[in-house]
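The values are calculated or read from the model by the stated rules, or taken from the named source; none is laboratory data. This structure is a prediction, so every number in the text was calculated from the model and none was measured. Methodologically, a virtual Cβ is constructed for each residue, glycine included, from the backbone with ideal geometry; neighbour enumeration extends over all protein chains shown. Calculation scope for accessible area: heavy atoms of the full protein, side chains included, ligands and nucleic acids excluded. Shrake-Rupley method; radii C 1.70, N 1.55, O 1.52, S 1.80 Å.
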Amino acid sequence: MKIISTIEELRDQLSGQLRTAFVPTMGNLHEGHLSLMRLARKHGDPVVASIFVNRLQFGPNEDFDKYPRTFHADVEKLEKEGVYVLFAPTEKDMYPEPQEYRVQPPAGLGNALEGEFRPGFFTGVTTVVLKLFSCVQPRVAVFGKKDYQQLMIIRNMAKQFALPTEIVAAETWRAEDGLALSSRNMYLSPTERAEAPALYQTLSWVAEEMRAGHDDVFVLERTAMERLRARGWQPDYVSIRKQNDLQPPSTGDLAQHTPLVVLAAAKLGTTRLIDNLEI
């Protein structure tokens, strides 16, 4: 595996490659990330991964400096997966001058859910992803469904900018007890880790209620948040949305059985976890 830090060297290395499959990450890789590498290989060749902790998507009170960085362990894992190139730029490589041009997602999608609680987050995400796509020029790029809203925003961005990159969605990778794998899980204490699967269990309860015909969305969302609070969580939201545009479902949507997804974000102690489940 070649480890490359500059954009110029990356472009030279990938020159002439027409089927590149790309997986962007912020490092601290776990089995969920590695499953993305395997899916990428099914859709293209060579497989290129990136590791870059993107300051633009962190708010002033968020954990940029504390975000776990495990570069040497990450390299070993990527080598075992047969990744061809690891693009690992420094901040100076990625942003040699202040990144004043930004990609602004539409308010209806970018300012809801995660965008409401993390202002500017999706602007930072879409800006760095568009820049990474420009550097790698992949035919396909793989993103996990765990970050459902992010996946939707990036997919729409690629479509509206007519990017020659197909966005491939990967299923959420879970531990045996249902907890979605996340780099932030390492912040959980043993007691919190034992409690953490309750978030997925709550989503599963909402999904089961919807499938059983209980379609009072507001009541289900409110009850789910109350259940989490009763267990010591601090929920930001539990929200039932349409899969295709993440807008709240209308009565007509519910009657027509429009595909839905329930999304949640909640703090357990000081760790904020997100998860979702398609209905």
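Name the residue farthest towards the positive end of the dipole of the chain from the options 246, 32, 214, assuming +1 on Cβ of Lys and Arg, -1 on Cβ of Asp and Glu, about the Cα centre. The residue sitting most towards the positive pole is 32.
Shape verdict for the range 155-279, please, from the Cα gyration tensor: rounded (a/c under 1.5), prolate (a/b greater than b/c) or oblate.
Details: a/c = 2.16, a/b = 1.19, b/c = 1.81.
Oblate, because a/c is 1.5 or more while a/b does not exceed b/c.
Accessible surface for residue 47 stands near 0 Å², nearest 10, in the context of the full protein assembly shown (1.4 Å probe).
Computed on the range 121-279, with alpha-carbon pairs under 8 angstrom and 6+ residues apart, the relative contact order is 20 percent. If you take every residue apart from residue 103 with its C-beta less than 14 Å away from the C-beta of residue 103, what net charge results, scoring Lys and Arg +1 and Asp and Glu -1? Charge balance near residue 103 sits at +3.
Shape of the range 97-136 from its Cα gyration tensor (a ≥ b ≥ c, root eigenvalues): rounded if a/c is under 1.5, otherwise prolate when a/b > b/c, or oblate? Spell out each step's value before the answer.
Numbers: a/c = 2.56, a/b = 1.96, b/c = 1.30.
Taking the square roots of the gyration eigenvalues as a ≥ b ≥ c, the range 97-136 is prolate.
The Cα center of the range 80-99 and the Cα center of the range 231-271 differ in position by 34 Å.
Could you grab the relative contact order for the range 1-115? Cα pairs under 8 Å, six or more apart, rounded to a whole percent. In percent, rounded to a whole number, it is 37. Can you tell me how the range 3-44 classifies by the Cα gyration tensor, rounded, prolate or oblate, using a/c under 1.5 as the rounded cut? In terms of gyration-tensor shape, oblate.
With the convex hull drawn over the C-alpha atoms of the chain, the volume per residue is 136 Å³. Peptides 127-135, 2-10, 220-228 ordered by packing proxy, namely the average of other Cβ atoms within 10 Å per residue, highest first: 127-135, 220-228, 2-10.
Determine the distance separating the Cα centre of the range 120-194 from the Cα centre of the range 17-43; give it in Å without decimals. Computed from Cα coordinates, the inter-centre distance equals 11 Å.
By how many nm would the segment from residue 171 to residue 243 grow when fully extended, if each residue of separation counts as 0.36 nm and the alpha-carbon distance is taken off? Numbers along the way, then the final one.
On the way: separation 72, 0.36 × 72 = 25.92 nm, distance 1.43 nm.
Here the answer is 24.5 nm.
Convex hull volume of the C-alpha atoms in the range 21-70, normalised per residue: 78 Å³. Placing a label point 7 Å from the Cα of residue 91 along the Cα-to-Cβ direction, the residues of the range 106-140 whose backbone N falls under 19 Å of that point are 120-129, 131-132. Across the range 139-146, computed HN-Hα scalar couplings (Karplus, 6.51 cos²θ - 1.76 cosθ + 1.60, θ = phi - 60°) run 7, 9, 9, 10, 10, x, 6, 4 Hz from first to last residue, x flagging Gly and Pro.
Pairs over the 25 Å Cα-Cα cut-off, from the set 42/146; 77/159; 42/145; 80/267; 77/146; 66/267: 77/159; 80/267. Over the range 7-127, the ratio between the Cα radius of gyration and 2.2 N^0.38 Å evaluates to 1.15.
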